[in-house]
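This report refers to the structure that appears directly beneath it.
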Amino acid sequence: MARAVKTKGSASVDGGGAGQDVAIRVVGLTKSFGPQTIFQDVSMDIPKGQVSIVLGPSGTGKSVFLKHLVGLLRPDRGEVWVDGKNIPALRDRALYDVRKKFGVLFQDGALFGSMSLYDNTAFPLREHTRKSEKEIREIVAEKLELVGLTGAERKFPGEISGGMRKRAGLARALVLEPEIILFDEPDSGLDPVRTAFLNELVIDLKEKLGATMIIVTHHIPSARQIADYIGLLFRRRLVSFGPAQDMFDSKDPVVKQFLAGATEGPIGMSEEKDRPGEQGGSGEDGA
Ligand SMILES: Nc1ncnc2c1ncn2[C@@H]1O[C@H](COP(=O)(O)OP(=O)(O)OP(=O)(O)O)[C@@H](O)[C@H]1O
Ligand SMILES: [Mg+2]
């Protein structure tokens, strides 16, 4: 079981031995907003049919990273390969097509405020399929039941709690039975019992759909429970990406501190502001 966790941006899925299929290959991904470098030279092979958890201090670019995977943001440099297609190089129709493979829950839920939960959940089906309204009704009812929102179909996002919005976003992300699921903090704002249900749902989706899941969370107990792989973004770098157990056993001070939630270590309180040097930062600077 002594599987290597590769570090310093050269992460790959070879830790578990040969033959692990790759769902998404990220190569040298680099992104700046103006003078602010968000991440630099991030490379990883995200394994197919597994749950990969992305961790990192607030403001390190986890949400920005997920948006690159579906082509909502374009990198300054680097590639994102899905099914032989390089997402940043795709335009219009080709991008639209490849996006059908993805189910995405954004951090803020991103529901349409002027649509009921029913219409929000039905939206991807109406947009991307030719299903009849009767078929759509069945699928929407099933997904809303899955997230515990039966009976709330007619409510609007403005009328429900944050946790309910989150769960509605979850239902919407699942209606197309996606091959690849991106969840950005699906558990934030959920109570402990619903978080436990969510974790069960994730394990279920993996087993039943064989879906590849990439989940951003700050909740380490969830990571421990559901992660097959864990990646840690810190100061513009992918510090580590590897099998979950290896990460929990890691001696790397950043990984250790983050997974332990300790105050002692290289990570400080104001991480998101600690971006000295910006362009060309080495990743080891600024402590
Ligand atoms: N569209 C944008 N334009 C300019 N800057 C942006 C944009 N989107 C994100 N940023 C900046 O990129 C950095 C990373 O943001 P991101 O939302 O990815 O952080 P995060 O790791 O998801 O944090 P959190 O854990 O708080 O959600 C932040 O400094 C943010 O202000
Ligand atoms: Mg975020």
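Any read-out appearing in this document is the output of simple, stated calculations on the displayed coordinates, not a laboratory observation. Note that the structure is a prediction, hence the values are computed from the model and not measured. With ideal geometry, Cβ positions are generated from the backbone for all residues, glycine too; neighbour counts draw on all protein chains shown.
Tabulated data
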item: Residue (of Met115, Ser43, Val22) at the positive-pole extreme of the chain, dipole from beta-carbon charges; result: Met115
item: Spatial separation of Cα centroids for segment 180-246 and segment 143-165, in angstrom; result: 22
item: Size of electric dipole in segment 117-177: Cβ of Lys, Arg +1 and of Asp, Glu -1, about Cα centre, debye, nearest 20; result: 140
item: Lys131, Lys31 arranged by Cβ crowding within 10 Å, fewest neighbours leading; result: Lys131, Lys31
item: 5 angstrom amide H check on Thr37, placed H, neighbours 5+ away; result: Gln279
item: Globularity ratio of segment 117-177, using Cα Rg and 2.2 N^0.38 Å; result: 1.01
item: Sites excluded, GluC sites (Glu not before Pro) in DSSP loops with at most 13 other C-beta within 10 Å, longest stretch of the chain; result: 1-263
item: Mean Kyte hydropathy of 1.0 or more with a Cα span along the axis of at least 20 Å, helices from DSSP in the chain; result: none
item: Computed [θ] at 222 nm, deg cm²/dmol, the chain (DSSP H ≥ 4; -39,500 (n - 2.57); rounded to nearest 500); result: -9500 deg cm²/dmol
item: Candidate aspartates and glutamates for bridging to Lys100, where Cα separation is under 16 Å - those fewer than 8 sequence places away on the same chain excluded; result: Asp83, Asp92, Glu127, Glu177, Glu179
item: Unsatisfied cross-links (Cα-Cα over 28 Å) in the set Lys166/Lys208; Lys48/Lys256; Lys31/Lys206; Lys67/Lys134; Lys31/Lys256; result: Lys31/Lys206; Lys67/Lys134
item: Point-charge dipole on Cβ atoms (K/R +1, D/E -1) for the chain, about Cα centre, debye to 20; result: 560
item: For the chain, with +1 on Lys and Arg beta carbons and -1 on Asp and Glu, the positive-most of Pro178, Met164, Ser270 along the dipole; result: Pro178
item: Under-5 Å amide H pairs with Gln50, H placed in peptide plane, nonlocal only; result: Met213
item: Amide H partners (placed H, <5 Å) of Leu55, local residues excluded; result: Gly231, Leu232, Leu233
item: Total charge dipole magnitude, segment 32-174, about the Cα centre, Cβ charges on Lys, Arg, Asp, Glu only, Debye to nearest 20; result: 160
item: Tail weight of P(r) past 36 Å, computed on alpha-carbon pairs of the chain, percent; result: 15
